[in-house]
Amino acid sequence: MTDPSPAELPPEGLPGLDARWSRLVAARDADGVRRTWHVLDTHAGDGRGTPALTVLCVHGNPTWSYLWRAVLAKAPHDVRVVAVDQLDMGYSERTATVRRLADRIDDLAAVVEALGIAGPVVTVAHDWGGPISLGWVLAHRAQVVGVVLLNTAVHQPADSASPALIRLARSGPLLRANSVQTPAFVRATTALSGPGMPRSVAAAFAAPYRGAGRREAIGAFVADIPFEPGHPSAAALDQIADGIRSLDLPALLLWGPGDPVFADRYLHDLIDRLPQADVHRYEGARHLVSEDAPALVDDLWTWIADQRAASWRLADVAGIGGTAGSGQASPDVPIWAGLSRRSAETPGAMALVEPYDGGWRRVTWSLLARQADLLAAGLAARGIRRGDRVAVLIPPGADLVAVVYACWRIGASVVVTDAGLGVRGIHRALRGAWPRHVIGIPKGLALVRATRLPGARIAVRELPAIARLGQVRPMPAPPGRQDEAVVVFTSGSTGPAKGVVYRHGQLQRTRDLLAAHYALDDSDALVAAFAPWAVLGPALGISSVIPDMDVSSPRTLTASALAEAVQAVHGTVMWASPAAITSVLGSAGDLTPQQRASFGSLRLVLGAGAPVKPALLHGMRSLCPQADVRTPYGMTEALPVCDVSVGEIDQAGPGDGVLVGRPLPGVDVRISAVDDAGRADGPLTDEAGLLGEVVVRGPHIKDRYERLWATQRASARDSGWHRTGDLGHLDVEGRLWIGGRLAHVVTTADGPLAPVGVEQRVERLPGVRHAACVGVGPAGTQVPVVFAVMDGVRSGLAGLEVTERVREAAGVPVAAVLALDRLPVDIRHNSKVDRALLALVAGAVLAGHQGRSGRANGTPA
């Protein structure tokens, strides 16, 4: 142990740190010894008087109050922010003593009292500052109005090992070598941040710890982690872990899921102890989540503002009971009612047909309903309870449908992660949803093992035994409309896929809206060319067939395979993505006369999942001459919203964007105007011709985004409405036109520009197969750049003649034209263009970084 040393002020010039915040505060510790702390305080000697609220920030090991500099910088004028350097840490006094968890809680109480902080207080803590702050909160409940935690823990879950990095750091002689004698532990902590941390910031974090004598507490902190029974701090930590279960306070958990120390299992332990907590996971962020996630501090202050306004937790404005315009409350008809009814009325009819061993596997309504019921009782006997989440990693087919309806019947929520997310996307999705059980094929269970999710695993091969168990076990009571039914995921085409939660009532209303609008009845049969939609067939009470294709790649669907599927059930309704339709039309020349004739049974063809070009719809109308060819508009969060036929598109003619039609009955659509900086913060309006974000309202809209509090709040900030993130406008007839994504709006000096309209005009040029328009430059002064896939034009910066043709067709001052062999698209639909990536490439080209090649890492050539 080194000699004591006094507290001191940080050196001036540390990036982001205002020297006026720093002050030294003296107080007596629990042993009566006078100690001195360094703190950052927004009200340090400024004479602002008594604050309306104090935010008390507590760092962990081996950081210091510098961690909270951005929180102080953005504090409202009437809020005091205090960030404490714990004793022996940062620039506080070196006491030459060993301070345990209980001591540090007492230390925090002493400095808070010395600062005259009486409440109301919101605590914000990271790492091992979490237990310390919570220990103080439990002893001062009357002063506290909110608790915020960032990547921390209060308990080691019994079903998982303690963090390997911490075990290594505190093992035997490595403890002092790693944490005291060398700066290895300090450097490792900043290295645990994302790659974007500036060197100057990393140096600022390390500044108080230059020399072994300044690092004694780092080693002591590590040694004080109570992994072992009988550890001196175990009882204090257990008391905190148990005590917070009784905290009736607003809570916010802000998390970096890439943290190799405080992994998601610690987040879910905290959720279990603080079930009222709002949660936001910042994909890509790691241990120093406040450094890795630029939006975190703004999200924190937004949450605090909500709490101050006595509306800290948003009502479920988009959930059950949400306003639906002219819609009326629907009767409570369970999602499995269609399956049960068809089993009773037409038991021998085909419910589901799927490819099997070169032929077809046919499942009757009675068999499917019986299997679902037996699995429901059997899964309940295996420990799956109402409210449990169950990840189902089974390819589309009878097994998937039976398991999904079994889970719904007993009130379990189904986590759906389709192959279109890709392996990394599925990993992220499962870690975000954190299912308690997983049912899957061997490949799926292997993938889950790689995510290190806890909980039970059930292999598909066990399903027959589980069904037999269900023969002798009772069926649990069914769930209600308010029970969670499913977690599905967005495509991830504009960032990490977001989990979207639906309750049973919202699924029922989605089913009812589809059935009513498309006049679906028992005589219909669904051809699910987007295979996951086969799950909806039993809910609608209609037969379904899954074509022979690779469900993870819509482009593998051939016209012949589709024809065989239509023939198998005498299909009347088809649902397909644009990529699948493109593939079908491209292989239609291989159809036999008999196969081509089979399409005559289709009365309705729906192209959805991404904007469908009129040429594709016309192609399907030629292939299916008896069908009403339509394209419903919607998203993972709400489907359908609008609907339009190919005839209506033809009658409307070319416009600035994709015509998606009028809102369905009970659904309302408004526009929030986009400003010159690309923000859509204006009031909701139905004014014709106004470009802005599309905002929708209806009884079937999602309940919430999963563990994305800030995203959910932003999407539902207009009470009862969902902001879609789509860019569009309404015309004088009330029809909606989509112009792209709000994130992709081109903010030129002449005003905001929707990219899709430009792309459509360019694609009308002979030889142009695909086009994408992006903006380059600062918001408000961007210039449009067009990427095009053109016959006979090599990748790179286009020549003058091609450029002039494109500029003339685009109708806007295009700065440059870049040719590509193909555009980068999403995995799920193979059609949503990654304009964000193309904008980076365009920026590099215009800056002269790539010459005439026009290529960049990750860009298709």
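The values are calculated or read from the model by the stated rules, or taken from the named source; none is laboratory data. These numbers were taken from a predicted model, which means no experiment stands behind them. A quick note on method: Cβ atoms are made from the backbone with ideal geometry, for glycine too, and the neighbour counts reach across all protein chains shown. These area figures cover heavy atoms from the full protein model, side chains too; ligands, DNA and RNA do not enter into them. Shrake-Rupley method; radii C 1.70, N 1.55, O 1.52, S 1.80 Å.
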Compactness of the range 421-474, expressed as Rg and Dmax over alpha-carbon positions, Å: 13.1, 40
Label-point separation in nm, Asp242 to His77, each point 7 Å along Cα→Cβ: 4.9
Relative packing of peptides 367-374, 164-171 - highest average C-beta neighbours within 10 Å first: 367-374, 164-171
Principal-axis tilt of helix 264-273 within the chain, Cα atoms, nearest 10 degrees: 80
Mean Cβ neighbour count within 10 Å, used as a protection proxy, ranking 587-599, 756-768 highest first: 756-768, 587-599
Relative contact order of the range 518-665, pairs being alpha-carbon contacts under 8 Å that are 6 or more residues apart, as %: 17
Positive minus negative residues near Arg769 (Lys, Arg vs Asp, Glu; Cβ under 14 Å): -1
Extent along principal axes [Cα atoms of the range 347-503; Å; largest to smallest]: 45, 39, 28
Cα-based Rg of the range 606-756 normalised by 2.2 N^0.38 Å, two decimals: 1.05
Correct choice for Cα extents along the principal axes in Å that was computed from the model, options [x] 94, 78, 68; [y] 94, 76, 50; [z] 92, 70, 50: [y]
Against the rule of thumb 2.2 N^0.38 Å, how large the Cα Rg of the range 518-665 comes out: 0.98
Cα-based reach from Lys498 at 24 Å (exclusive), listing lysines while leaving out same-chain residues under 8 positions away: Lys443, Lys702, Lys832
Top positive-direction residue, dipole computed over the range 670-778 with Cβ charges, set Val758, Ile738, Ala716: Ala716
Shape call, the range 177-257: gyration tensor on alpha carbons, a/c limit 1.5: oblate
Accessible surface of the chain [probe 1.4 Å, protein heavy atoms]: carbon and sulfur percent: 53
Centre separation in Å (Cα based) which lies between the range 675-693 and the range 638-668: 19
Radius of gyration and Dmax over the Cα atoms of the range 48-199, both given in Å: 16.6, 51
Positive-end residue of Thr63, Val112, Ser645, charge dipole of the chain with Cβ unit charges: Thr63
Value of relative contact order over the range 740-846, rounded to a whole percent, pairs C-alpha under 8 Å and six or more apart: 25
Share, in percent, of DSSP beta bridges within the range 518-665 that are antiparallel, nearest 5: 35
The range 336-369 and the range 14-59: distance between their alpha carbon centers, rounded to Å: 69
Burial order of peptide ranges 624-630, 455-461 (average beta-carbon count within 10 Å, highest first): 624-630, 455-461
Rel. contact order, % - alpha carbon contacts under 8 angstrom, at least six apart, the chain: 8
Förster-model FRET efficiency, 56 Å R0, Glu808 and Ser366, C-beta, rounded to 0.05: 0.30
Centroid-to-centroid separation of the range 546-589 and the range 705-778 [C-alpha atoms, Å]: 29
Helix-derived mean residue ellipticity, 222 nm - over the chain, DSSP H n ≥ 4, -39500 (n - 2.57), to 500: -9000 deg cm²/dmol
Within-12-Å neighbourhood charge of Arg452 [Cβ basis; K, R +1; D, E -1]: +1
At 0.890 mPa s and 25 °C, Stokes diffusion of the range 8-118 via Kirkwood alpha-carbon radius, µm² per second: 173
The chain - share of DSSP beta bridges that are antiparallel (%, nearest 5): 55
Square roots of 5 times each gyration tensor eigenvalue, C-alpha, the range 480-556, largest first, Å: 22, 21, 10
